[in-house]
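Working notes for the structure below.
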Amino acid sequence: MTTFWCRGIDGTSYDDLVDAMDMNRPSIYRAFGNKEAIYRLSLELFGKQVIEQVKALSDSERTLKEDIDLFLEQGLEVYCEGEQPKGCFIACTAVADSIVHPSIKGDLVQFIESIDECLENRFRKAQENGELSSDANSKLMAASVQGALHTLAVRARAGQDRKYLSELKRFYLEQWF
(Lines give C-alpha, C1' and ligand atoms only; values in the text may rest on other atoms or scores of the structure.)
Protein backbone atom coordinates (compact mmCIF):
# COMPACT_ATOMS: atom_id res chain seq x y z
CA MET A 1 0.00 0.00 0.00
CA THR A 2 2.79 2.44 0.87
CA THR A 3 4.29 2.27 -2.61
CA PHE A 4 0.97 3.15 -4.23
CA TRP A 5 0.33 5.77 -1.55
CA CYS A 6 3.56 7.55 -2.41
CA ARG A 7 3.48 7.14 -6.20
CA GLY A 8 -0.08 6.38 -7.29
CA ILE A 9 -0.89 3.53 -9.63
CA ASP A 10 0.81 4.89 -12.74
CA GLY A 11 3.93 5.99 -10.88
CA THR A 12 4.38 2.52 -9.39
CA SER A 13 6.22 -0.02 -11.54
CA TYR A 14 6.09 -3.79 -11.29
CA ASP A 15 9.69 -3.64 -10.07
CA ASP A 16 8.50 -1.39 -7.24
CA LEU A 17 5.85 -3.96 -6.36
CA VAL A 18 8.34 -6.83 -6.52
CA ASP A 19 10.53 -4.97 -4.02
CA ALA A 20 7.66 -3.88 -1.76
CA MET A 21 5.87 -7.23 -1.72
CA ASP A 22 8.97 -9.42 -1.68
CA MET A 23 7.44 -11.56 -4.45
CA ASN A 24 8.51 -12.24 -8.01
CA ARG A 25 6.49 -11.03 -10.98
CA PRO A 26 4.88 -14.38 -11.87
CA SER A 27 3.74 -14.81 -8.25
CA ILE A 28 2.27 -11.31 -8.21
CA TYR A 29 0.39 -11.97 -11.48
CA ARG A 30 -0.93 -15.31 -10.21
CA ALA A 31 -1.98 -13.94 -6.82
CA PHE A 32 -3.49 -10.63 -7.89
CA GLY A 33 -3.88 -10.45 -11.66
CA ASN A 34 -2.58 -7.01 -12.53
CA LYS A 35 -1.30 -3.82 -10.99
CA GLU A 36 -4.72 -2.19 -10.94
CA ALA A 37 -6.15 -5.12 -8.97
CA ILE A 38 -3.39 -4.74 -6.35
CA TYR A 39 -3.98 -1.00 -6.18
CA ARG A 40 -7.71 -1.49 -5.75
CA LEU A 41 -7.17 -4.05 -2.98
CA SER A 42 -4.88 -1.57 -1.21
CA LEU A 43 -7.45 1.17 -1.66
CA GLU A 44 -10.17 -1.08 -0.29
CA LEU A 45 -8.10 -1.97 2.77
CA PHE A 46 -7.37 1.69 3.52
CA GLY A 47 -11.00 2.65 2.90
CA LYS A 48 -12.31 -0.04 5.26
CA GLN A 49 -10.06 1.24 8.04
CA VAL A 50 -11.35 4.79 7.60
CA ILE A 51 -14.98 3.70 7.37
CA GLU A 52 -14.65 1.68 10.59
CA GLN A 53 -13.31 4.76 12.37
CA VAL A 54 -16.22 6.85 11.13
CA LYS A 55 -18.82 4.20 11.96
CA ALA A 56 -17.50 4.11 15.52
CA LEU A 57 -18.56 7.75 15.91
CA SER A 58 -22.23 6.73 15.84
CA ASP A 59 -21.73 4.55 18.92
CA SER A 60 -19.86 7.24 20.81
CA GLU A 61 -20.97 8.88 24.04
CA ARG A 62 -18.87 11.95 23.22
CA THR A 63 -20.34 15.21 21.98
CA LEU A 64 -20.65 15.77 18.26
CA LYS A 65 -17.87 18.35 18.35
CA GLU A 66 -15.59 15.92 20.21
CA ASP A 67 -16.33 13.19 17.67
CA ILE A 68 -15.63 15.36 14.65
CA ASP A 69 -12.48 16.68 16.33
CA LEU A 70 -11.34 13.10 16.96
CA PHE A 71 -12.13 12.09 13.38
CA LEU A 72 -10.09 14.95 11.93
CA GLU A 73 -7.29 14.42 14.45
CA GLN A 74 -7.04 10.73 13.54
CA GLY A 75 -6.76 11.79 9.92
CA LEU A 76 -3.98 14.25 10.72
CA GLU A 77 -2.06 11.59 12.63
CA VAL A 78 -2.03 9.37 9.55
CA TYR A 79 -1.50 12.17 7.04
CA CYS A 80 1.46 13.76 8.85
CA GLU A 81 3.27 10.54 9.71
CA GLY A 82 6.91 10.13 8.76
CA GLU A 83 9.61 12.41 7.43
CA GLN A 84 7.74 12.99 4.16
CA PRO A 85 4.00 13.13 4.97
CA LYS A 86 1.91 11.22 2.45
CA GLY A 87 -1.51 12.74 3.12
CA CYS A 88 -4.50 10.46 2.48
CA PHE A 89 -4.08 7.43 0.23
CA ILE A 90 -7.50 8.01 -1.28
CA ALA A 91 -7.60 11.81 -1.53
CA CYS A 92 -4.00 12.11 -2.72
CA THR A 93 -3.82 9.24 -5.23
CA ALA A 94 -7.25 7.86 -6.13
CA VAL A 95 -8.55 11.27 -7.19
CA ALA A 96 -5.80 11.63 -9.81
CA ASP A 97 -5.81 7.93 -10.77
CA SER A 98 -9.60 7.90 -11.26
CA ILE A 99 -9.29 9.99 -14.42
CA VAL A 100 -7.43 7.24 -16.28
CA HIS A 101 -8.88 4.21 -14.46
CA PRO A 102 -12.72 4.06 -14.46
CA SER A 103 -12.82 1.24 -11.91
CA ILE A 104 -10.83 3.39 -9.48
CA LYS A 105 -13.29 6.22 -10.07
CA GLY A 106 -16.09 3.86 -9.05
CA ASP A 107 -14.17 2.89 -5.91
CA LEU A 108 -13.57 6.57 -5.12
CA VAL A 109 -17.24 7.48 -5.49
CA GLN A 110 -18.25 4.54 -3.31
CA PHE A 111 -15.75 5.54 -0.62
CA ILE A 112 -16.89 9.18 -0.61
CA GLU A 113 -20.54 8.14 -0.38
CA SER A 114 -19.82 5.68 2.45
CA ILE A 115 -17.95 8.26 4.52
CA ASP A 116 -20.66 10.86 3.89
CA GLU A 117 -23.32 8.39 5.00
CA CYS A 118 -21.48 7.53 8.22
CA LEU A 119 -20.90 11.19 9.05
CA GLU A 120 -24.49 12.03 8.18
CA ASN A 121 -25.66 9.34 10.60
CA ARG A 122 -23.58 10.94 13.34
CA PHE A 123 -25.08 14.36 12.60
CA ARG A 124 -28.60 12.88 12.63
CA LYS A 125 -27.87 11.30 16.01
CA ALA A 126 -26.88 14.75 17.28
CA GLN A 127 -30.14 16.15 15.92
CA GLU A 128 -32.15 13.42 17.62
CA ASN A 129 -30.56 14.06 21.00
CA GLY A 130 -30.94 17.84 20.69
CA GLU A 131 -27.24 18.54 20.34
CA LEU A 132 -27.69 19.90 16.82
CA SER A 133 -30.57 21.94 15.43
CA SER A 134 -33.18 19.92 13.56
CA ASP A 135 -32.89 22.56 10.80
CA ALA A 136 -29.22 21.70 10.18
CA ASN A 137 -28.60 19.96 6.87
CA SER A 138 -26.84 16.80 8.05
CA LYS A 139 -26.03 15.74 4.48
CA LEU A 140 -24.22 18.97 3.66
CA MET A 141 -22.52 19.04 7.05
CA ALA A 142 -21.20 15.53 6.44
CA ALA A 143 -19.87 16.52 3.02
CA SER A 144 -18.30 19.61 4.58
CA VAL A 145 -16.45 17.57 7.21
CA GLN A 146 -15.18 15.17 4.58
CA GLY A 147 -14.11 18.12 2.44
CA ALA A 148 -12.14 19.53 5.37
CA LEU A 149 -10.52 16.13 5.88
CA HIS A 150 -9.43 16.08 2.22
CA THR A 151 -8.06 19.60 2.51
CA LEU A 152 -5.98 18.58 5.52
CA ALA A 153 -4.71 15.54 3.58
CA VAL A 154 -3.64 17.52 0.53
CA ARG A 155 -1.97 20.19 2.66
CA ALA A 156 -0.13 17.53 4.68
CA ARG A 157 1.13 15.90 1.48
CA ALA A 158 2.26 19.32 0.25
CA GLY A 159 4.40 19.58 3.37
CA GLN A 160 2.47 22.11 5.41
CA ASP A 161 3.42 22.22 9.08
CA ARG A 162 1.51 19.94 11.48
CA LYS A 163 0.97 22.83 13.88
CA TYR A 164 -0.65 24.90 11.13
CA LEU A 165 -2.86 21.96 10.10
CA SER A 166 -4.02 21.58 13.72
CA GLU A 167 -4.89 25.28 13.77
CA LEU A 168 -6.84 24.84 10.54
CA LYS A 169 -8.69 21.89 12.08
CA ARG A 170 -9.61 24.02 15.11
CA PHE A 171 -10.83 26.77 12.76
CA TYR A 172 -13.13 24.31 10.98
CA LEU A 173 -14.52 23.13 14.32
CA GLU A 174 -15.20 26.70 15.40
CA GLN A 175 -17.09 27.36 12.15
CA TRP A 176 -19.27 24.27 12.47
CA PHE A 177 -19.90 24.41 16.21
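Computed across the range 1-142, the Kirkwood hydrodynamic radius from all distinct Cα-Cα pairs reaches 16.8 Å.
The GluC sites (Glu not before Pro) of the range 110-141 meeting both criteria, a DSSP state outside H, G, I, E and B (loop) and at most 16 other C-beta atoms within 10 angstrom of the site's C-beta, are E131. For the range 130-139, 3J(HN,Hα) computed residue by residue from phi via the Karplus equation (6.51, -1.76, 1.60; θ = phi - 60°) reads x, 7, 9, 4, 5, 7, 5, 8, 4, 5 Hz, glycine and proline entered as x. Computed from backbone phi, the HN-Hα couplings of the range 80-92 come to 9, 5, x, 5, 10, x, 9, x, 9, 3, 6, 5, 9 Hz, rounded to whole numbers (Karplus: 6.51 cos²θ - 1.76 cosθ + 1.60, θ = phi - 60°; Gly and Pro given as x). Relative contact order of the chain, taken over Cα pairs closer than 8 Å and 6 or more residues apart, is 26 percent. Helix 162-176 and the long axis of the chain differ in direction by around 40°, with both axes built from C-alpha atoms. Dipole of the range 112-172 computed with +1 at Lys/Arg Cβ and -1 at Asp/Glu Cβ about the Cα centre; of A158, L140, Q127, farthest Cα towards the positive end is A158.
With charges set only on the Cβ (+1 for Lys and Arg, -1 for Asp and Glu), what does the dipole of the chain come to about its Cα centre, in debye to the nearest 20?
Values: 21 positive and 29 negative charges, 61 e Å.
It works out to roughly 300 debye.
Pairs of Cα atoms in the range 36-112 fall into 5 Å distance bins, from 0 up to the last occupied one, in shares of 3, 14, 22, 21, 18, 14, 6, 2, 0 percent.
Using only DSSP helix segments of four residues or longer, with each worth -39500 (n - 2.57), what per-residue ellipticity at 222 nm results for the chain after dividing by its residue count and rounding to 500? Please list the in-between numbers first.
Working: 8 runs with 123 residues, N = 177.
Dividing the helical sum by the residues of the chain leaves -23000 deg cm²/dmol.
Got a number for carbon plus sulfur as a percent of the chain's accessible area, 1.4 Å probe?
Working: 4780 of 9550 Å².
Ligands and nucleic acids excluded, carbon and sulfur reach 50 percent.
Residues in the chain average 54 Å² of solvent-accessible surface per residue, probe 1.4 Å, ligands and nucleic acids excluded.
The values are calculated or read from the model by the stated rules, or taken from the named source; none is laboratory data. If you're wondering where the values come from, they're calculated on a predicted model, not measured in any experiment. Because the Cβ atoms are built from the backbone with ideal geometry, glycine has one as well, and the counts that use them run over all protein chains shown. The accessibility values were calculated without ligands, DNA or RNA, using every heavy atom of the protein model including side chains. Shrake-Rupley method; radii C 1.70, N 1.55, O 1.52, S 1.80 Å.
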